[in-house]
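What follows is a short report on a single structure.
The values are calculated or read from the model by the stated rules, or taken from the named source; none is laboratory data. All values derive from a computational prediction rather than experimental measurement. Cβ: placed from backbone, ideal geometry, glycine included. Neighbour counts: every protein chain shown. Areas reflect the complete protein model, heavy atoms only, side chains present, ligands, DNA and RNA absent. Shrake-Rupley method; radii C 1.70, N 1.55, O 1.52, S 1.80 Å.
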Amino acid sequence: MEDCYACAREGEFERLPAYQRIAVDEHWRVVHAVDCALPGWLVLLPRRHLESMAELTDAEAASLGVWQVRLARALEAVTGCRKAYVAQFGEAAGFAHLHFHVVPRAAELPEGSRGPRVFGMLRAGERAVPVERMDALAGELAAALRG
Ligand SMILES: [Zn+2]
């Protein structure tokens, strides 16, 4: 799976920056979205290559909902967002690996970026959240998840 961004990162796990391993268990890894203009935009990834949610084992499925709720709580605590969006598409080239976006929806998020339009904040180029900011948020989110 050399053409899979998620699997390539999994393969160099010990060298990953904080924002690429905010939280990890046997089934899931939590990362900050790359090339993204919205601080705190998280992605929940299974630790093996799957391209359909239907391929999750019962054990992976059982923890999926728990992770989504835990991430929503951590985002509310750390970013002060009003709620978290959750979405799964897997359509971008190199990103077919099953992944769930967990996106902080701040009270001040502009109307034009709400709902599915929030995806306009990906492929952000020079507007992307800097690595240092992603790593700092990763530390705060990891602490919130440890509770
Ligand atoms: Zn993969």
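Return yes when Leu50 is in contact with a His (Cβ under 9 Å, 6 or more places away or on another chain), aliphatic (A, V, I, L, M), within 16 Å of the ligand (Cβ to nearest atom) and farther than 26 Å from Arg105 by Cα and no when it is not.
On the way: in contact with a His (Cβ under 9 Å, 6 or more places away or on another chain): yes; aliphatic (A, V, I, L, M): yes; within 16 Å of the ligand (Cβ to nearest atom): yes; farther than 26 Å from Arg105 by Cα: yes.
Yes, satisfied.
Confirm whether Val43 is within 15 Å of the ligand (Cβ to nearest atom) and in a strand (DSSP E or B). Lay out the reasoning, then the answer.
Values: within 15 Å of the ligand (Cβ to nearest atom): yes; in a strand (DSSP E or B): yes.
In short, yes.
Considering the stretch 97-145, the residues that are on the phi > 0 side of the Ramachandran plot and outside any loop (DSSP other than H, G, I, E, B) include one that is least open to solvent (accessible area, probe 1.4 Å), namely Gly115. Scoring Glu91 on the criteria (1) open to solvent by 30 Å² or more (accessible area, probe 1.4 Å); (2) under 20 Å from Val24 (Cα atoms); (3) acidic (Asp, Glu) leaves a single failure, condition (2).
The set of residues from the stretch 3-34 being within 17 Å of Val131 (Cβ to Cβ) and either within 15 Å of the ligand (Cβ to nearest atom) or assigned to a loop (DSSP other than H, G, I, E, B) (or both) comprises Tyr5, Arg9, Glu12, Leu16, Pro17, Gln20, Arg21, Ile22, Val31, Ala33, Val34.
Going by the structure shown, is Thr79 modelled with pLDDT of 95 or more, under 21 Å from Val131 (Cβ atoms) and open to solvent by 50 Å² or more (accessible area, probe 1.4 Å)? Yes: the conditions hold for Thr79.
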